[in-house]
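Before any comments, here is the structure.
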Amino acid sequence: QVQLVESGGGLVQAGESQRLFCAASGSFSRIDQWAWYRQGPGKKRESVALMTSGGITRVADSVKGRFSISRDDANNAQYLQMNSLKPEDTAIYYCYASVYGSIYWGQGTQVTVSS
């Protein structure tokens, strides 16, 4: 079993930056794939960014050039650096981890971008 805990959300002004953090705990040797998803008001959950154990990253077109994902395997953690935030980035951001083919989700952290 893997537990994920996110932090770093909050209220920011448009154009500002914010960094989300997700830590994993439980019984596992490594996280195979990390990712961040988000769900805006009245919208479906969507993928924001992912990183495989081999370091391959993919970022959604809507955040390309502004968001970046990174992982800290020594501490079983991942980060989402969000720059030049826009009001449309307002959403609940969820941490995702894949371990031995099983998928785990964090509880979500609210990011609100005011114009």
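The values are calculated or read from the model by the stated rules, or taken from the named source; none is laboratory data. Bear in mind the structure is a predicted one, so any value in this text is a computation, not a measurement. Backbone-built Cβ (ideal geometry, glycine too); neighbour counts: all protein chains shown. Remember, those area values only see protein heavy atoms, side chains included, never the ligands or the DNA or RNA. Shrake-Rupley method; radii C 1.70, N 1.55, O 1.52, S 1.80 Å.
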* **Within segment 52-63, considering residues that are modelled with pLDDT of 95 or more and of a type in the set (A, V, I, L, M, F, W, C), the one surrounded by the most Cβ atoms within 10 Å (Cβ to Cβ)** => V63
* Does segment 1-51 hold any residues that are in a strand (DSSP E or B), within 17 Å of S84 (Cβ to Cβ) and open to solvent by 60 Å² or more (accessible area, probe 1.4 Å), and which are they? -> L11, Q13, R19
* Asked: Out of (1) farther than 16 Å from L11 by Cα; (2) at pLDDT below 95, what's the single condition that is false for P41?
  -> (1)
* **Of residues in segment 64-115 being without any contact (Cβ under 8 Å) to a residue 12 or more places away in the chain and outside any loop (DSSP other than H, G, I, E, B), the one least open to solvent (accessible area, probe 1.4 Å)** => D72
